[in-house]
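*Asks:* Starting off with a structure, shown below.
The values are calculated or read from the model by the stated rules, or taken from the named source; none is laboratory data. Model, not experiment: these values are computed from the prediction. We place every Cβ from the backbone using ideal geometry, glycine too, and count neighbours over all the protein chains shown. Accessible surface areas use protein heavy atoms only, side chains included; no ligands, DNA or RNA. Shrake-Rupley method; radii C 1.70, N 1.55, O 1.52, S 1.80 Å.
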Amino acid sequence: MGFFRSGICDYKRCPVPFTKEQLREIFLRHDNDGDGRLSRLELKAAFESLGSNWSRFRARQCLKAADSNGDGYVTLDELDGLLDYAVRCEYAII
């Protein structure tokens, strides 16, 4: 059996997990007002862009996991907690 049968590749597509750096760029791109912190709505939009079917849920859970001072935002200082949460969710490029 070769690589191709009828012009179609025999291998399945495999999702490639986002790296932390890729996730960092995606989340920072969603800081719409440029204040250096991500609101629940900005987090929701970021999770939607990652393909999440539960973006509202993910935004709430992310705030619980990453918002260490409880102000309702993920700041640049708290970004590593957000990235750890997103990695655990296993978002991937398909």
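*Asks:* Report, to the nearest 10°, how far helix 55-66 tilts away from the longest principal axis of the Cα atoms in the chain, using its own Cα long axis and a range of 0 to 90°.
*Replies:* Around 60 degrees separate the two axes.
*Asks:* Now for a separate question. Just by accessible area at a 1.4 angstrom probe, what is the order of D67, D84 from largest to smallest?
*Replies:* D84, D67
*Asks:* Report the gain in length on full extension from R40 to R60: 0.36 nm times residue separation, minus Cα-Cα distance, nm rounded to one decimal.
*Replies:* 6.5 nm
*Asks:* Calculated FRET efficiency, V16 and D84, Cβ-Cβ r, R0 22 Å, to nearest 0.05?
*Replies:* 0.70
*Asks:* On the accessible surface of the chain, probed at 1.4 Å, how many percent belong to carbon and sulfur atoms? Show your work: numbers first, answer last.
*Replies:* Details: 3400 of 6530 Å².
Reported share for carbon and sulfur atoms: 52 percent.
*Asks:* Restricting the calculation to Cα positions, tell me the Rg (one decimal) and the Dmax (whole number) of segment 43-94 in Å.
*Replies:* Considering segment 43-94 through its Cα atoms, Rg and Dmax are 10.5, 35 Å.
*Asks:* If the convex hull of the alpha-carbon atoms of the chain is projected onto planes in all directions, what is the mean projected area in square nanometres?
*Replies:* That works out to 7.4 nm².
*Asks:* Count the net charge of all other residues whose Cβ sits under 15 Å from the Cβ of S52, scoring Lys and Arg as +1 and Asp and Glu as -1.
*Replies:* +3
*Asks:* A further question on this structure: Between the DSSP loop rule and a limit of at most 10 other Cβ atoms within 10 Å, which GluC sites (Glu not before Pro) in segment 6-94 are left?
*Replies:* Passing both the DSSP loop test and the Cβ count: E90.
*Asks:* Taking only Cα atoms, what is the 0 to 90° angle, nearest 10, from helix 79-88's long axis to the longest principal axis of the chain?
*Replies:* 40
*Asks:* Which value, in Å², gives the accessible area per residue of the chain when a 1.4 Å probe is used on the protein heavy atoms?
*Replies:* 69
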